[in-house]
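A.B. asks: Please see the structure below; I have some questions.
The values are calculated or read from the model by the stated rules, or taken from the named source; none is laboratory data. What you see is a predicted model, and the numbers here were worked out from it, not measured in a lab. Counting neighbours? That spans all protein chains shown, and the Cβs are built from the backbone with ideal geometry, glycine included. Note: accessible area is taken over every heavy atom of the protein model, side chains too, but ligands, DNA and RNA are not part of it. Shrake-Rupley method; radii C 1.70, N 1.55, O 1.52, S 1.80 Å.
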Amino acid sequence: MQNTNYLLMLCQRINQMGKKPSVALIRQYADRSLGIPEIVKALQNWKNAPPLNMDEKQQEEVITIEQSLEARVTSLENVVAKLTAQLESLQKA
């Protein structure tokens with residue numbers, strides 16, 4: 001399973017937000033498509049494993065990735081809005 005470390009870090013991040021990791025929360029916060037059996041196995045591993053200690057650099061990397069993704073989504077939303085406006089103007093003509 002190539003997503004194991006990613007899923008364990010995601011469980012840890014959800015836990016640090018004060019929430020109990022679950023299949024639904026993992027799917028909500030994941031930035032990639034994940035299978036339910038894979039998520040369930042990772043949840044079991046996370047519950048049985050000692051907590052991951054992410055140092056400040058790793059936490060900053062996660063935050064940077066999240067901010068980068070948010071910026072990309074905003075940019076794509078702007079492009080979609082412009083293209084929609086152009087399409088509407090072409091349909092009126």
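A.B. asks: Pull up segment 8-32, narrow it to residues that are outside any helix (DSSP H, G or I) and touching a residue at least 12 places away in the same chain (Cβ under 8 Å), then point me to the one that is farthest from GLN67 (Cα to Cα). Working first, answer last.
C.D. replies: Taking segment 8-32 as the starting set, the residues that turn out to be outside any helix (DSSP H, G or I) are 17-22, 30-32.
From the residues that got through so far, the ones that are touching a residue at least 12 places away in the same chain (Cβ under 8 Å) too are 21-22, 30-32.
Numbers: PRO21: 22, SER22: 24, ALA30: 14, ASP31: 12, ARG32: 16 Å.
The selected residue is SER22.
A.B. asks: Report the residue count in segment 33-50 for those that are under 14 Å from the mean Cα position of the chain (by Cα) and in a helix (DSSP H, G or I).
C.D. replies: 1
A.B. asks: For ASN5, state whether it is part of a helix (DSSP H, G or I), among the polar types (S, T, N, Q), at pLDDT 80 or above and open to solvent by 90 Å² or more (accessible area, probe 1.4 Å).
C.D. replies: yes
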